[in-house]
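First the structure, in the form of structure tokens, and then the observations on it.
The values are calculated or read from the model by the stated rules, or taken from the named source; none is laboratory data. These figures come from a predicted structure and were not determined experimentally. Here Cβ is always computed from backbone atoms with ideal geometry, including for glycine, and neighbour counts include all displayed protein chains.
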Amino acid sequence: MVFKFSKIIKTSIVVFSMACTVPVSADPIRSAIDPNFPPHAFPNLNGGYQGFNVDLGEEIAKRLGREIVIDGAQYSVLIPALNAGKYDFLLAPTTVSEERAKSVLFTEGYLENNFTLVVKKDREDIAGLEDLKGKTITVNKGSGPEEWARKNQQEYGYEIGVYGTNADAVQAVISGRADANLAGVTPSAWAVKSNPSIKTTSLIRTGSVWSIPFRIDDFENRDKVSNALKCMKQDGTLQALHEKWFGMSAEPDSATVVIVEGHGIPGLYGYSETPVEPVCN
């Protein structure tokens, strides 16, 4: 099976740390992000990518004593590419769901994944989901918001426009081709900050988190990265990244702070409930 990626930029990052005693392996980690999803991942003017999830990947690689190569492509092709063996895991924000847990293996969550609506600033007729009947909302193809929108479409009576990137989904609202964009709180806040003609309205608490997906049988590497995430929570590194990219601290009871006892997402396939004591360098 051949996967075609548009506008792929590859950045090979060798990460060293004075405090890291793990030898660097010659075999790099292969991962990928959606490069049009700020502040999680977006092009760096000096080449490659920047963002919360890029920093997250670099930190994981450093703690594993590995190099990391990060590709960029539309989110909708990334999980098939992961399962085809192109990548070791995905850095692209991936919403945990029972359905997805049937095809990928999750680490514990690292970020809360609540949604919001983005509308034009002069729209006063859309304050929440109950105002969407007969209107069109946009979503990023293959994303958690698309899955949520389809599951709740009958209840709220909206039409769904699907776009290859979240930036295109937001642009459809700006241009008047759609009424609202459904996306995560953090990318939506970034979009509003970058464009004064739009605003966010209505916080939608999903109860879900973002997690790092692996191939369904790759327990060994999932557990290694899970351990790294636990150490990043324990020493405050993940909280520091949250403050750097989102301008605020994560809540004490959030996935960015709380360390899960075992490996994976409790209640879903692949969760190892045996208590784990993080092994940190």
Original post:
Is one or more of the residues making up the range 204-221 outside any helix (DSSP H, G or I), modelled with pLDDT of 95 or more, surrounded by fewer than 16 Cβ atoms within 10 Å (Cβ to Cβ) and on the phi > 0 side of the Ramachandran plot?
Top reply: no
**OP:** Give the number of residues within the range 114-145 that are in contact (Cβ under 8 Å) with a residue 24 or more places away in the chain and not in a loop (DSSP other than H, G, I, E, B).
**Re:** 15
Original post:
Taking VAL279, is it surrounded by fewer than 19 Cβ atoms within 10 Å (Cβ to Cβ), modelled with pLDDT of 95 or more and over 25 Å from ALA81 (Cβ atoms)?
Top reply: yes
Subject >> The one condition in (1) crowded, with 18+ Cβ neighbours inside 10 Å; (2) small (Gly, Ala, Ser); (3) over 17 Å from the mean Cα position of the chain (by Cα) that ALA183 fails to fulfil >> reply: (3)
Original post:
When you look at ALA255, is it part of a loop (DSSP other than H, G, I, E, B), modelled with pLDDT under 95 and either among the basic types (Lys, Arg) or under 19 Å from LEU91 (Cβ atoms) (or both), yes or no?
Top reply: no
Subject >> Residue count, the range 152-180 (criterion: in a loop (DSSP other than H, G, I, E, B), over 21 Å from the mean Cα position of the chain (by Cα) and hydroxyl-bearing (Ser, Thr, Tyr)) >> reply: 2
Subject >> Any hit, the range 179-199, residues being in contact with a Ser or Thr (Cβ under 6 Å, 6 or more places away or on another chain), farther than 30 Å from GLY57 by Cα and of a type outside the set (S, T, N, Q) >> reply: yes
Original post:
Inside the range 152-192, can you point out the residues that are modelled with pLDDT under 95 and charged (D, E, K, R)?
Top reply: none
Original post:
Does the range 97-104 contain at least one residue that is modelled with pLDDT of 95 or more and in a loop (DSSP other than H, G, I, E, B)?
Top reply: yes
**OP:** Go through (1) outside any helix (DSSP H, G or I); (2) surrounded by 16 or more Cβ atoms within 10 Å (Cβ to Cβ) and name the single condition ALA149 misses.
**Re:** (1)
Original post:
What number of residues in the range 39-50 are surrounded by fewer than 22 Cβ atoms within 10 Å (Cβ to Cβ) and either in contact (Cβ under 8 Å) with a residue 60 or more places away in the chain or in contact with a helix residue (DSSP H, G or I) (Cβ under 7 Å, 6 or more places away or on another chain) (or both)?
Top reply: 1
